[in-house]
Amino acid sequence: MINHAWIIPVLPLAAAVIVALAGKRGDRLAGSISAGAIFFSLIISLKFFAAFLVNPAAKEVSWVWLKSAGNLTLEVGMLIDPLTVIMLVVVTFVSLMVQIYSMGYMAEDEGKARYFAFISLFTFSMLGLVLANNLVMVYMFWELVGLSSYLLIGFWYHKPEAANAGKKAFVVTRFGDLGFLIGILVLGYFLNTFNIIEVGTAAQTGKLTGGLGTCVALLIFAGAVGKSAQFPLHIWLPDAMEGPTPVSALIHAATMVAAGVFLVARVFPVFTASDTAMLVVAYVGGFTAIFAATIACVQDDIKRILAYSTVSQLGYMMMALGCGGYFAGVFHLMTHAAFKALLFLAAGSVIHAVHTNNIWEMGGLIKRMGITGTTMLIAAVALAGVFPFSGFFSKDAILFAALDAGRMDLLVLGIFTALLTSFYIFRLFFVVFTGKPNSTQPGHESPAVMTMPLMTLAILSLGLGFFAARFEHFIVASLGANREILHQHNRLVPMFAFLAVLFGFGWAYLVYFQKAISATLLTRKFSLLYKLLKHKYFIDEIYLFFVRYVMLVVSAGLAWFDRQVVDGAVNGVAWLCRRMGAGIRRLQVGRLQAYIFAFVLGLIVLAVSLLVTHPDVMAIIP
């Protein structure tokens, strides 16, 4: 069966090629071709998922690509285990929902054929990354995912903001990708293999210990920090909201940004071999979670609120993995894919109706957009982590992972992040869907082609959590271990988490629904804090200052040194050779008597020099 897995990524690739070659002539069928291809990829993925529920043992198939003079071999192959099949279903399902939704959202766009070609190319890239059985292939598809996201973020390239956002995403993620590449090369050098299973085995048997294991794990984590928008490489994700809203749902909620979490989970044994690396992953994730959540509390753009929410939730996943909560991190990736894709698509439905991203220009939309409002409420409750919605189970799993690891500081941080999450998502809902309409646009419900994916994702957001126990045993099988992650039964954790969620909801309810507390008054009273959060801790300004006054100044100095010193030395040698050649050339007059004269004169000069420096030479002359 595994030999047919290559069909899953090839179908969207074929759709991308067909749609691209058809061009404008294929506008009417572009969406159907693209969605049809991914539908069949989803069916095949579900077959694999069903098969692995019965037998979760990992299966691998590979072919030799290149063989070095030594023992190092590069392969082309596929690795399918529980983690793989989960990601295959997540990517294909969310992609299908997004593409069906896009048929309505992009119906009037002149570049919709190009859009569907790009989105199919992205899906192919992501599926190839998930299936790869060695780190070289992972890196190749990793970069192809980056290229595809650049094309989609900058899809409306005629808008300077979109073009700049695409370039920003591409450049910022390169910093992390460089570390990832170095980590792969170091692994290949010391282990003589790039195969993921063999690398995991080597880590578990103690071949990656001490500084080497920590170095490799942190280099790989650098790639995950870039793709999953962890602090300090998070700055590209909010700007990426300049792309079409369905792109935000696909790339920046469920798939591309989840690639970093998937990478850490895929090579999890490498991280568990180093306590230092696990500590770094946990604290970077925890800090990112609360850092982004605080920023989301004051944003006005509906998509940017969700973007910072995504950064925060990705930090939650990383914190779980760093605490050893493999199941918690992967399960939250699954549940988050459903409810965050739903949030973005519902936001797109709102934007499609009122033609603005500013939440303060909306209001009272629940009366005219009942389906969109109801589904967004379900997604909001799931994100907040309220029982019995899916986010409750995965959020509590993360908190239990922190408790299991003995990281009480991260546990408290996670609970406080849950409070902030509840506040900003219900703030968004109350402002957009309740109260008096503030928009000049009357608003209307989106067509069925857009609302059907919303309802489907809402059902998943509600029901996915009930399968947590089954997924736990299934997911940990990826590690080859028969163990449970959630063995803590401390009732205080969910109780405190519930109180935090309730407090965040109550705060948002009083300020933005009942208006018992003036939001304007709070803004004035805490003006310094509000300004700090509104400007996102001035991180973008710090980066801009560093680029302008450090990088560019240093680069200008290095450029001067290169031109004046390095090039000057090379050019100086060339000038000296030319001058010497010109001088010597004058001696080549072409007359034999002149050459004989110069020869004799040279002998005389040599003889005189010898006599002056060595007078005793005369004694041996007869």
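The table that follows gives values for the structure above.
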| item | result |
| --- | --- |
| Largest to smallest accessible area among C297, C215 [probe 1.4 Å] | C215, C297 |
| Mean Cβ count within 10 Å, highest first, over the residues of peptides 143-149, 3-9, 361-367 | 143-149, 361-367, 3-9 |
| Within region 363-400, backbone nitrogen closer than 16 Å to the virtual label 7 Å beyond the Cα of T434 toward Cβ | 363-368, 373-382, 384 |
| Proximal lysines to K59, defined as alpha-carbon separation beneath 18 angstrom and excluding residues fewer than eight positions away on the same chain | K47 |
| Accessible area (Å², 1.4 Å probe, nearest 10) - H355 | 130 Å² |
| Cross-link pairs beyond the 18 Å C-alpha cut-off, checked among K168/K340; K340/K531; K112/K159; K436/K536; K24/K167 | K168/K340; K340/K531; K436/K536; K24/K167 |
| Per residue, the convex hull volume that the Cα atoms of the chain enclose (Å³) | 259 Å³ |
| Inter-label distance for V10 and I182, nm, one decimal - labels placed 7 Å from Cα along Cα-to-Cβ | 3.9 nm |
| Probe 1.4 Å, protein heavy atoms only - accessible area per residue of the chain in square angstrom | 44 Å² |
| Within region 389-433, backbone nitrogen closer than 20 Å to the virtual label 7 Å beyond the Cα of F466 toward Cβ | 389-397 |
| Rounded percent of accessible protein surface that carbon and sulfur make up, the chain, 1.4 Å probe | 70 percent |
| Contour minus Cα-Cα distance for K47 and V76 (0.36 nm per residue) | 8.1 nm |
| Distance between modelled label sites at K159 and R28, nm, 7 Å Cα→Cβ extension | 2.9 nm |
| Relative contact order (%) - the chain, alpha-carbon pairs under 8 angstrom, separation at least six | 12 percent |
| FRET efficiency estimate (nearest 0.05) - Cβ-Cβ, M580 to T205, R0 60 angstrom | 0.40 |
| Region 1-110: GluC sites (Glu not before Pro) falling in loop per DSSP and having at most 12 other Cβ within 10 Å | E108, E110 |
| Computed helical MRE - 222 nm, the chain, DSSP H runs ≥ 4 contributing -39500 (n - 2.57), nearest 500 | -23000 deg cm²/dmol |
| Under the Karplus curve 6.51 cos²θ - 1.76 cosθ + 1.60, θ = phi - 60°, whole-Hz ³J(HN,Hα) for region 326-343, x wherever Gly or Pro sits | 4, 4, 4, x, 6, 5, 5, 4, 5, 5, 4, 4, 6, 6, 7, 4, 4, 4 |
| Solvent-free Debye scattering, log10 I(q)/I(0), computed from the Cα coordinates of region 291-335 at q = 0.14 Å⁻¹ | -0.36 |
| Approximate spin-label separation D616-W360, in nm, with each point projected 7 Å along Cα-to-Cβ | 10.2 nm |
| Cut-off under 5 Å, modelled amide H: who pairs with G435 long-range | G364 |
| Segment Y595-K525, length gained on full extension (0.36 nm per residue, minus Cα span) | 15.4 nm |
| Pairwise centroid distance, computed over Cα atoms, of region 500-564 with region 335-408, Å | 23 Å |
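The values are calculated or read from the model by the stated rules, or taken from the named source; none is laboratory data. Since this is a predicted model, take the numbers as computed values, not measurements. Cβ coordinates were reconstructed from backbone atoms using ideal geometry, including for glycine residues, and neighbour counts include every protein chain displayed. For accessibility, only protein heavy atoms count, side chains too; no ligands or nucleic acids. Shrake-Rupley method; radii C 1.70, N 1.55, O 1.52, S 1.80 Å.
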